[in-house]
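Below is one structure; the comments refer to it alone.
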Amino acid sequence: MTELEEKIGYEFRDPALLDRALTTPACRMSNPHVADNQRLEFLGDAVFGLLSADVVFAAYPDEQEGRLTVRRTHLVSGTVLAEAGERIGLEKFLKRNTGAHPLPPHAKVIADALEAVMGAVWLDGGLAAAQAVFARLGLPIDAPLNEWAANPKGYLQVKAQAHKPPARPIYETLKTEGPSHAPVVTVRVTVEGLGEATATAGSKTAAEIAAAATLLEQLDKSNKEN
């Protein structure tokens with residue numbers, strides 16, 4: 001078992017999957033034909049979404065969809081996943097472009113790689129393996145909600161109106177997939193001067209809430225860094 005496998009508590013039957021999960025897109029700069037981790041990242045993002053939804057649903061039986069959506073969004077946000085990746089020292093296992101500089105704290109490439117690793121675990125070991133790795137990462141399931149958690153869309157509206165010049169959130173449904181009884185809706189929210197964020201959920205309303213929460217997370221992170 002490799003050092004990283006020990007850290008995540010899972011030994012791969014197909015080590016090539018883990019190797020690919022650790023191969024960042026930057027490697028293509030020096031080797032255009034290398035298979036990077038973007039496909040596994042795509043899969044891992046969905047796996048994290050499923051597992052986080054399952055965890056918060058069980059942990060907060062009295063909460064409704066809006067607050068559960070905010071909890072799930074925070075639990076697997078880029079910042080939280082990057083912090084989890086840093087705790088297991090993921091950076092030193094990454095395959096990056098030759099001569100790459102050290103990564104800054106909470107770098108997106110770490111969060112992306114952790115999603116790719118989770119996608120690789122799912123393919124190699126299935127649901128049980130992914131659940132075990134998810135639990136081992138120690139994500140902040142019990143973290144207190146932010147002041148805007150009860151109404152992220154309303155709070156984003158307030159922030160947008162307070163911006164100079166005043167703006168307003170614009171929500172756009174990017175796509176709707178799946179059967180009519182179980183749709184998967186992807187929404188993007190844009191606030192001129194503040195940024196944009198995209199989220200996916202089981203309804204348009206929930207996706208808008210998740211997108212607003214994601215943008216608020218991004219703004220909060222930016223404010224702390226500045």
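The values are calculated or read from the model by the stated rules, or taken from the named source; none is laboratory data. Note that the structure is a prediction, hence the values are computed from the model and not measured. Counting neighbours? That spans all protein chains shown, and the Cβs are built from the backbone with ideal geometry, glycine included.
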Near pairs, Cβ below 6 angstrom, 6+ apart or cross-chain, from region 72-99 (closer than 22 Å to residue 208 by Cα and outside the structural domain of residue 211 (by TED's automatic domain parsing)) to any residue that is assigned to a helix (DSSP H, G or I) and β-branched (Val, Ile, Thr): 72/56; 73/214
Residue within region 22-31 that is surrounded by 14 or more Cβ atoms within 10 Å (Cβ to Cβ), modelled with pLDDT under 95, small (Gly, Ala, Ser) and within 18 Å of residue 130 (Cβ to Cβ) present: no
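If you go through region 126-133 one residue at a time, do you hit one that is within 26 Å of residue 23 (Cα to Cα), polar (S, T, N, Q) and at pLDDT 80 or above? So that I can check it myself, show each step before the final result.
Keep residues of region 126-133 that are within 26 Å of residue 23 (Cα to Cα), which gives 126-133.
After this cut, where a residue has to be polar (S, T, N, Q) as well, the list is 131.
Of the ones still in play, those that are also at pLDDT 80 or above are 131.
For region 126-133, residues within 26 Å of residue 23 (Cα to Cα), polar (S, T, N, Q) and at pLDDT 80 or above: present.
Suppose we filter region 46-76 for residues that are among the basic types (Lys, Arg) and within 12 Å of residue 201 (Cβ to Cβ); how many remain?
Of the residues in region 46-76, the ones among the basic types (Lys, Arg) are 67, 71-72.
Within this subset, residues satisfying the condition of being within 12 Å of residue 201 (Cβ to Cβ) are 72.
Count: 1.
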Hits in region 185-206 - residues which are within 18 Å of residue 220 (Cβ to Cβ) and acidic (Asp, Glu): 196
